[in-house]
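Derivation of every value follows stated rules applied to the coordinates shown; laboratory data play no part. This structure is a prediction, so every number in the text was calculated from the model and none was measured. Using ideal geometry, Cβ is built from the backbone for each residue, glycine included, and neighbour counts are taken over all protein chains shown.
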Amino acid sequence: MRRILLILSQTAREKVKEASRRFKESKPGLRFQDHYHDHQRRSSGRYRLQVIFCVFGGSLVVVGGIIAVPGPGPGWLIILLGLWMLAGELLFFARSMDKVEVKLRRLAGGVVGIWTISSALVKGLITLMIIVCVAVLGYGIITWFV
């Protein structure tokens with residue numbers, strides 16, 4: 001019995017590795033749509049109840065990630081996992097995620113460009129401002145819950 005579970009877990013790990021490899025190799029702006037089409041191709045013939053459970057499960061994972069964000073741990077990673085699950089089931093959601101990814105990549109490129117041309121003093125002030133904002137936000141969250 002234990003051996004069967006080990007083989008099943010290895011197969012599941014291999015599937016996850018293969019899906020993440022294909023996701024990384026996809027072109028930005030089409031990654032989530034490619035994931036959707038791959039997922040639909042691999043899971044053709046499923047019952048509607050399974051699709052509903054996947055959508056419901058993905059939504060629960062996103063909500064769990066949102067709850068976990070203020071605390072220490074991988075809150076944002078959990079949210080991304082849930083969004084990835086939803087994008088595998090809903091084409092309109094996959095298209096929306098692709099649009100968001102392209103916009104975030106453009107924003108990140110601009111931020112990195114500004115950061116690289118900034119002086120050490122400006123970088124230090126920006127870092128200090130981020131630390132103060134995080135501390136104030138953390139204090140606000142703690143006082144809100146206590």
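Points to keep in mind about this one:
- Per-residue Karplus couplings for the range 117-131, computed as 6.51 cos²θ - 1.76 cosθ + 1.60 with θ equal to phi - 60°, are listed in order as 8, 7, 6, 4, 4, 5, 4, x, 5, 5, 4, 4, 5, 5, 4 Hz, Gly and Pro entered as x.
- Net charge dipole, the chain: roughly 480 debye, given to the nearest 20, about the Cα centre with Cβ charges of +1 for Lys and Arg and -1 for Asp and Glu.
- Annotation for the range 56-128: trypsin sites (Lys or Arg not before Pro) lying in DSSP loop with at most 15 further Cβ atoms inside 10 Å of their Cβ do not exist.
- Helix content alone sets the calculated 222 nm mean residue ellipticity of the chain: runs of n ≥ 4 DSSP H residues at -39500 (n - 2.57) each, divided across all residues, give -29000 deg cm²/dmol.
- Within straight-line cross-link reach of Lys17, aspartates and glutamates at Cα separation under 20 Å, skipping those fewer than 8 residues along the same chain: Glu25, Asp34, Asp38, Glu89
- The candidate values are (i) 43, 13, 11; (ii) 35, 22, 16; (iii) 23, 16, 14; the one derived from this structure for semi-axes √(5λ) of the Cα gyration tensor in Å carries the label (ii).
- Each label was represented as a point 7 Å from its Cα along the Cα-to-Cβ direction; for Ile52 and Tyr139 these points are 4.9 nm apart.
- Applying the Karplus relation 6.51 cos²θ - 1.76 cosθ + 1.60 with θ = phi - 60° to the range 54-64 yields 3J(HN,Hα) values of 5, 5, 5, x, x, 5, 5, 5, 4, 4, x Hz, where x marks Gly and Pro.
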